[in-house]
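Notes follow the structure.
The values are calculated or read from the model by the stated rules, or taken from the named source; none is laboratory data. This is a predicted model, so every value here is computed, not measured. Glycine also receives a Cβ, built like all others from the backbone with ideal geometry; neighbour counts cover every protein chain displayed.
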Amino acid sequence: MYRTLSTLILAAALTAGASFTSAARAADQPPTPPPRDAANPPGDDARPRRPALSLSNGPGGFHLLPPRAGEKLNLTPDQQKQLADLEADVTAKLNKILTAEQKEQLEKMRPPPPPPGDASDNTGSDRPPQPTPLPAQQNGDTSKPPAQPGAQKDQDPSHLAVTFIGGYETDPQDHGRPVVLIAAALNVPSEVFRKAFSNVKPAGPGQEPEPAQVRLNKQTVMRSLGPYGVTDDRLNEVSNFYRYSKSKGEMWRNTAAVAYATVHDGVVTGFTITNPGSGYSSPPKIAVAGMPDVAATATLSHGTDFKTNGSIKEISLDGAKPAAQ
């Protein structure tokens with residue numbers, strides 16, 4: 001029996017020595033913060049999980065076996081006495097080996113005692129660590145998560161968002177070309193621009209026009225647009241700005257408009273345009289959030305400035321019904 005216990009204690013002493021070495025190394029490095037999860041939320045006082053090493057005798061001193069291990073091993077009184085003698089012998093030898101400064105550092109490695117009622121690993125409890133409950137909300141309602149900083153407030157019921165639907169239709173005779181925008185940018189009537197291109201001979205599908213044909217087409221167009229002050233450079237600039245490939249799913253350059261409707265006693269009384277947008281070739285349809293029966297019409301503005309050509313000039317109210325309850 002004595003040899004068996006000596007073997008067990010020697011193995012435990014070697015394990016404790018390894019734990020002592022690991023604890024000493026850990027003292028030279030900052031503790032690694034525990035993972036932030038439900039069981040360890042931010043703000044939790046993460047106590048270190050290092051061995052409780054000390055060069056003093058007593059309950060908080062040097063122990064070869066973990067807390068309560070002696071109870072689980074069912075050690076006899078004689079074994080408990082031999083274990084206590086061995087621990088005292090190891091403590092005495094460590095006191096001789098270590099310097100006063102090293103002993104002081106070793107004392108600092110000990111984790112602080114857990115608060116009353118805490119079930120940390122240092123107590124030897126078999127109960128697993130329990131997740132820290134989340135703090136209650138200020139309003140006392142824990143059924144919903146607390147509002148996040150910067151979260152958007154509910155929309156003001158007196159101001160409802162306006163949605164612009166469509167607004168990029170072209171005249172069938174223009175074959176997808178936004179003539180109304182191009183003509184306005186050139187400062188010529190749409191019919192003048194259409195007539196100027198009526199004698200142009202385009203290249204076949206998927207083909208590039210010959211240089212001679214390009215020059216002839218340009219001369220034909222300029223004969224019609226020149227009298228309106230359109231130069232060759234301006235024609236190239238406007239054509240390139242509104243150039244797009246419909247077959248590739250592209251759209252000419254445009255900017256979506258932004259506006260909101262003003263509501264009083266459940267009835268729309270007017271509209272406010274915060275961004276008139278640009279690039280609308282036809283008046284878009286108007287829809288007011290939560291009020292499908294509202295009828296309104298958008299009026300466009302065209303001009304030579306690309307930034308405002310095809311913008312929303314105004315939204316006029318055709319009629320409104322009370323908001324649906």
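Going residue by residue through the stretch 223-243, is there one that turns out to be loosely packed, with under 11 Cβ neighbours inside 10 Å, of a type in the set (S, T, N, Q) and either modelled with pLDDT under 90 or in contact with a His (Cβ under 6 Å, 6 or more places away or on another chain) (or both)?
Narrowing the stretch 223-243 to residues loosely packed, with under 11 Cβ neighbours inside 10 Å: 227, 229, 233, 240.
Restricting the remaining residues to those that are of a type in the set (S, T, N, Q) gives 240.
Subsequent filtering for residues that are either modelled with pLDDT under 90 or in contact with a His (Cβ under 6 Å, 6 or more places away or on another chain) (or both) retains none.
No, the stretch 223-243 contains no residue that is loosely packed, with under 11 Cβ neighbours inside 10 Å, of a type in the set (S, T, N, Q) and either modelled with pLDDT under 90 or in contact with a His (Cβ under 6 Å, 6 or more places away or on another chain) (or both).
Looking at this structure, is PRO284 modelled with pLDDT of 95 or more and either buried (at least 17 other Cβ atoms within 10 Å of the Cβ) or over 30 Å from the mean Cα position of the chain (by Cα) (or both)?
Working: modelled with pLDDT of 95 or more: yes; either buried (at least 17 other Cβ atoms within 10 Å of the Cβ) or over 30 Å from the mean Cα position of the chain (by Cα) (or both): yes.
Yes, satisfied.
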